[in-house]
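What follows is one structure encoded as structure tokens, with my remarks underneath.
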Amino acid sequence: MNSMINPFKSVGKIVTGNYFVGREAVIDELRSRVLDMPLANAAIVGLPRIGKSSLMNHVFIENADSLWETDRIVTVWYTFKDYSDDSIEGKPEDVFVDIIQRIVSILKKHGFVDDEVNEYARRAAIPGIRFQQLGKEITDFFDEVTITNDIGVIICIDEFDYSKEVFSRAYFQLLRQITDDYPNVAIVTTSRRSILDIEKDSGGGSSFYETCLHIFLKPFSDEEVAIQRSLAGDLSDEEDELLDDAAGNHPYLNALVLLRYFQSHDMEGSIDESYQNILTYYNRLFERVLKRDHLDDKVINIFSGFLDAVSQDEEEYILKKYGLFKAVQNGSSPVSLVTGTDLQQFEYVPFCGSFDAYMRQLYKKNPYKLIWPRAERSIKVIISKSLETKYGNNHSDWINPVKSIVVENFNQKHFEQLMNQMEDELIHYPENGSDNIVDQLYPKDFNYFIKEFWDDSISHVLGHTLLYWTDRIDFLAGKVRNPESHSRLLLDDETKSKATIVCKEIIECAEKAYGHIE
């Protein structure tokens, strides 16, 4: 057993010291934005556990003493609580009072004592103070600290999303007033959504968001994730590939696995032990974040390839800013996205294999009745019925015939991939996993089976000619669904219209033969 300190022992908490890696470009951007005089506001935006709080802590809190010594800048930290439970009361004035008291506490720590500063802080904390009076005491406080005494203040506010449950427009505007009136004051926030969206959700909008540079934090780059993994020792190429599939470049998911790997040096075992935690992260991501922000169904829509119900802003969040999908151009390796990139140029695949598997489960049971998922299920029903007619209704008896067709038309490796996916689903998703190998087929596989069973049974279901259907299914496999990774193309209107017609025709044929198919 490795007796060294495990660098991943605090997984899920703020990463500090030498264990904080990467983000160099973002760090430079934050420092130049916030710390160059006059101080300025910034908002760090990204999914949970992507490293927002760690980044803010690394840049500002871990350097708090040196910022005071070199620039007379006080740095304080405030974390918003989740007040969504109606039984918990959140008062907006308490937020400002708490921040002011933290500033006073830090000033005292540095030996700075000022009676006027203390008096304004005391007045702001008077119970039942009216908003107008609170605003006056706060502005007088910052006037005394930053102008009279020439002290800078950086206010780090974590979990800023929850401000929408506490603040009204007037309190957001008070934040702007503080940083507008006092150039030596900056506010840095972390949140899942932009400040504009948070203010809108609060029931009204202020102009505070206009003062913030938004920095969208996504999973690590390949270089950054390599540095993170190096903390666990030298990984083999095979171990890297296994970890890529399980966690992609997500820093938290990598840390979940590496926490165990550091002790055991067994990558497969570490991934197996961590898999339930990975699924829990995805469940919480959908239930507590995406659903709350009305993006859960949008992610499924994008995964399914139909974006009619997804706005441009929602596409922007999910595809470019959150990093849940990675872009692939012309079937090549992933490419980075920059602002202004034409989304139509790219296909999008889930950021790692475990997220792809999770999305496939949602995709199978999604309630949105998207036409392509129904058409895909219809084709699989048609193929399954053909196998049942020839080999009986025991799914295990279908394995060898399916293997023969896949290996003959594709290769052994592809069949093994289908089998591994089925086995993984049965292990990790016992309630929804299927022992029918047909459920694992990709669109690129469909025509092999349609040709195989055309004369025996499928021609009676679909009608027309074999060439008629192989052309249409080739079109769907090539345009609507990437053949390898369940990726989704952003389709133009003409392609979507043609795809819709083909899908409807498939569904109608299958339902005429076998009844309603969800």
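Below are the figures for this structure:
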item: When residues of segment 16-32 are limited to those that are in contact with a Ser or Thr (Cβ under 9 Å, 6 or more places away or on another chain) and of a type outside the set (A, V, I, L, M, F, W, C), the one nearest to C156 (Cα to Cα); result: T16
item: Residue among D293, D308 that is at pLDDT below 90, out of contact with any Ser or Thr (no Cβ under 6 Å at 6 or more places or on another chain) and closer than 26 Å to K164 by Cβ; result: D293
item: Qualifying residue in segment 219-236 (condition: modelled with pLDDT under 95 and of a type in the set (S, T, Y)); result: yes
item: Segment 267-285 residues that are farther than 11 Å from L256 by Cα, paired with ones that are among the aliphatic types (A, V, I, L, M) and open to solvent by 20 Å² or more (accessible area, probe 1.4 Å) (beta carbon under 7 Å, 6 or more apart); result: M267/L242; E268/L242
item: Cross-chain or 6+ apart pairs with Cβ under 8 Å, segment 227-251 first and over 19 Å from L324 (Cβ atoms), then among the β-branched types (V, I, T) and assigned to a helix (DSSP H, G or I); result: L242/I271
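So that you can scan it fast, the table gives a plain yes or no per residue for (1) in contact with a Leu (Cβ under 7 Å, 6 or more places away or on another chain); (2) surrounded by fewer than 16 Cβ atoms within 10 Å (Cβ to Cβ); (3) farther than 30 Å from E494 by Cβ:
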| residue | (1), (2), (3) |
| --- | --- |
| S264 | no, yes, yes |
| I278 | yes, no, yes |
| Y281 | yes, no, yes |
| L285 | yes, no, yes |
| D293 | no, no, yes |
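The values are calculated or read from the model by the stated rules, or taken from the named source; none is laboratory data. Just so it is clear, the model here is predicted, and its values are computed rather than measured. In this analysis, Cβ positions are derived from the backbone assuming ideal geometry, glycine residues included, and neighbour counts consider all displayed protein chains. Ligands, DNA and RNA are stripped out before the accessible areas are found, and what is left, the full protein with its side chains, is counted by its heavy atoms. Shrake-Rupley method; radii C 1.70, N 1.55, O 1.52, S 1.80 Å.
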